[in-house]
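The values are calculated or read from the model by the stated rules, or taken from the named source; none is laboratory data. Keep in mind the model is a prediction, meaning the values are calculated, not measured. A quick note on method: Cβ atoms are made from the backbone with ideal geometry, for glycine too, and the neighbour counts reach across all protein chains shown.
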Amino acid sequence: MNIALVGYGKMGRIIEQTAISRGHSIVLKIDLDNRQDLTPEKLKAADAAIEFTGPHSAFDNLKKLMEMDVPTVTGSTGWLEKYPEIEALCRSRKGSFMFASNFSVGVNIFFEVNKRLAALMASQPEYAVQITEIHHTQKKDAPSGTAITLAEQVLDVDPRKKHWVNHASAEPTDIPIISERIDPYPGLHRVTYRSAVDEIEITHQAHNREGFALGAVLAAEYIYTRKGVFTMKEVLGL
C-alpha cells in the first residue's frame, strides 16, 4: 500500500517506520513547510492518507482529502465539532474515512472495559467518577480526545451525568476530567469511581507511541479497500 502522511512530526515519523516495517511505501509527506503540496497531482500515487496534525489544521486537511477521494485515517483531535461535516462529505462522495481518538489496540480494549464498568456503576450513586489524563507538554489540546471519549461513554449510560468539565468539580451532574502535561509522557488515562468506603479504578498506561502508530497503519490497511465511515471497533473486531 502507498501511504501519504499528512503531518510529519514525532507521530508521523513513527507511523512512517511502522508502515515501512509492514511492507508499505510512503509516497508523500506533508508538513508545515510544504502544505501547498496537498494536491490531487501529488496524491495520485497514494492508496490512503494518515493525517496527524493539530486542531487548527485538521479540518481543512480532511476536507481536502475527502474532496480528492483519498481514503483517510485521522487521529487529530480538537476539531470534532465539525466531524458531522466530514462524515457527510465522505458519505456523499462514497469515500472512506476513519477517526479515532486513540488508535492503540490496548486503549480500544480499555474503551470497551470502560463502557461495561460505567454501565455497572450507573446504579451506584454513592460513587463519584473522575477521569485523569497525563500527556507530554507538546500536546496542544486538553482534555485529550481519549479522555473525552471515556467521559462520553459514561454520559451515554449514566442519566445523572449531564456533561464533562476540564477541572475538578463536586457537582453531581459533572464528570471532571483532570489534565496534566508532564515531559516525557506518552500517555496515561485513568477512570476512578470513589466512595466514602472504597474506590474502583481502571488505567491504561502507554509505554511509547509505537502502539498508536501500529493502530493507525492497521486502520489504513482496513479502510483503503472499503467504502464508508469506520471505527477502530471494526478494525479490531471488538
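I'm told Gly75 meets every condition in (1) modelled with pLDDT of 95 or more; (2) surrounded by 23 or more Cβ atoms within 10 Å (Cβ to Cβ) except one. Can you identify the failing condition by its number?
Against the list (1) modelled with pLDDT of 95 or more; (2) surrounded by 23 or more Cβ atoms within 10 Å (Cβ to Cβ), Gly75 comes up short only on (1).
Any residue at all in segment 148-165 that's assigned by TED's automatic domain parsing to the domain that holds Tyr127, assigned to a helix (DSSP H, G or I), touching an Asp or Glu at 6+ places or on another chain (Cβ under 9 Å) and closer than 19 Å to Met121 by Cα?
yes
If you check Glu81, Glu87, which single one turns out to be within 17 Å of the chain's Cα centre (by Cα), part of a helix (DSSP H, G or I) and within 18 Å of Tyr222 (Cβ to Cβ)?
Being within 17 Å of the chain's Cα centre (by Cα), part of a helix (DSSP H, G or I) and within 18 Å of Tyr222 (Cβ to Cβ) holds for just one of Glu81, Glu87, which is Glu87.
Looking at segment 5-30 only, could you name the residues that are modelled with pLDDT of 95 or more and of a type in the set (D, E, K, R)?
Those that are modelled with pLDDT of 95 or more and of a type in the set (D, E, K, R): Arg13, Glu16, Arg22, Lys29.
Please pick out the residue among Glu171, Glu180, Glu133, Glu201 that is over 18 Å from Phe111 (Cα atoms) and assigned to a strand (DSSP E or B).
Testing whether each residue is over 18 Å from Phe111 (Cα atoms) and assigned to a strand (DSSP E or B) leaves just Glu180.
Would you check if Asn102 is in a helix (DSSP H, G or I) and surrounded by 15 or more Cβ atoms within 10 Å (Cβ to Cβ)?
No, not satisfied.
So that you can scan it fast, the table gives a plain yes or no per residue for (1) farther than 13 Å from Ser104 by Cα; (2) in contact with a Pro (Cβ under 6 Å, 6 or more places away or on another chain); (3) in contact (Cβ under 8 Å) with a residue 12 or more places away in the chain:
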{"position": "Asp158", "(1), (2), (3)": "yes, no, yes"}
{"position": "Ile175", "(1), (2), (3)": "yes, no, yes"}
{"position": "Leu188", "(1), (2), (3)": "no, no, yes"}
{"position": "Ala196", "(1), (2), (3)": "yes, no, yes"}
{"position": "Phe212", "(1), (2), (3)": "no, no, yes"}
{"position": "Gly228", "(1), (2), (3)": "yes, no, yes"}
{"position": "Lys233", "(1), (2), (3)": "no, no, yes"}
{"position": "Gly237", "(1), (2), (3)": "yes, no, no"}
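Can you spot a residue in segment 8-15 that is in contact (Cβ under 8 Å) with a residue 24 or more places away in the chain, farther than 19 Å from Pro186 by Cβ, of a type outside the set (Lys, Arg) and assigned to a helix (DSSP H, G or I)?
Checking segment 8-15: not a single residue is in contact (Cβ under 8 Å) with a residue 24 or more places away in the chain, farther than 19 Å from Pro186 by Cβ, of a type outside the set (Lys, Arg) and assigned to a helix (DSSP H, G or I).
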